[in-house]
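Single-structure report; data block below.
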């Protein structure tokens with residue numbers, strides 16, 4: 001059974017119940033993965049390959065806290081590695097039409113964080129967006145290769 005994100009986050013926010021409770025950024029990343037997974041679940045068209053990856057992500061989110069319950073907050077590298085693995089899996093099944101907006105969102109985060117490379121990242125996105133979007137159609141269509 002897939003746990004709602006509020007159960008995952010609330011289990012992290014009670015220090016006496018879980019050793020990763022003090023890792024706010026990990027809780028945020030897991031919450032973001034959960035939300036993106038739910039969005040993808042609503043958009044997929046029944047492709048078995050996509051459903052298989054989606055199910056793997058959901059199962060890992062379900063068991064995330066149990067799997068890493070033995071870790072102390074200072075030794076939670078394996079929990080972060082798993083969270084990043086789940087995020088990378090999302091890219092494999094993210095619908096094409098979401099990818100450019102996700103890139104722009106991430107570039108916005110980089111700008112908000114005042115990262116020195118943010119302007120270069122935004123310029124790269126702006127330069128490649130015309131290659132990824134077919135603007136001859138209304139609405140414009142993404143031009144990415146399909147997963148299957």
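Of the residues in the stretch 71-82, at least one is in contact with a helix residue (DSSP H, G or I) (Cβ under 7 Å, 6 or more places away or on another chain), under 21 Å from residue 102 (Cα atoms) and either surrounded by 13 or more Cβ atoms within 10 Å (Cβ to Cβ) or in the same structural domain as residue 106 (by TED's automatic domain parsing) (or both). The helices (runs of 4 or more DSSP H) located wholly in the stretch 30-132 that include 3 or more residues which are at negative phi and in contact with a strand residue (DSSP E or B) (Cβ under 8 Å, 6 or more places away or on another chain) occupy 96-112.
Here's the yes/no breakdown for (1) modelled with pLDDT under 85; (2) surrounded by fewer than 11 Cβ atoms within 10 Å (Cβ to Cβ):
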residue: 100; (1), (2): yes, no
residue: 104; (1), (2): no, no
residue: 108; (1), (2): no, no
residue: 112; (1), (2): no, yes
residue: 127; (1), (2): no, yes
residue: 133; (1), (2): yes, no
residue: 140; (1), (2): yes, no
residue: 143; (1), (2): yes, no
residue: 146; (1), (2): yes, yes
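Within the stretch 93-115, residues that are outside the structural domain of residue 54 (by TED's automatic domain parsing) and under 18 Å from residue 126 (Cα atoms) reach partners that are modelled with pLDDT of 80 or more and in a loop (DSSP other than H, G, I, E, B) with beta carbons closer than 9 Å, at six or more positions or on different chains, in the pairs 102/94; 109/115; 110/117.
Against the condition assigned to a loop (DSSP other than H, G, I, E, B), at pLDDT below 85 and buried (at least 17 other Cβ atoms within 10 Å of the Cβ), how does residue 19 come out, does it pass? So residue 19 fits the description; yes.
The values are calculated or read from the model by the stated rules, or taken from the named source; none is laboratory data. Quantities reported herein were computed from a predicted structural model and do not represent experimental measurements. Glycine gets a Cβ as well: all are built from the backbone with ideal geometry, and neighbour counts include every protein chain shown.
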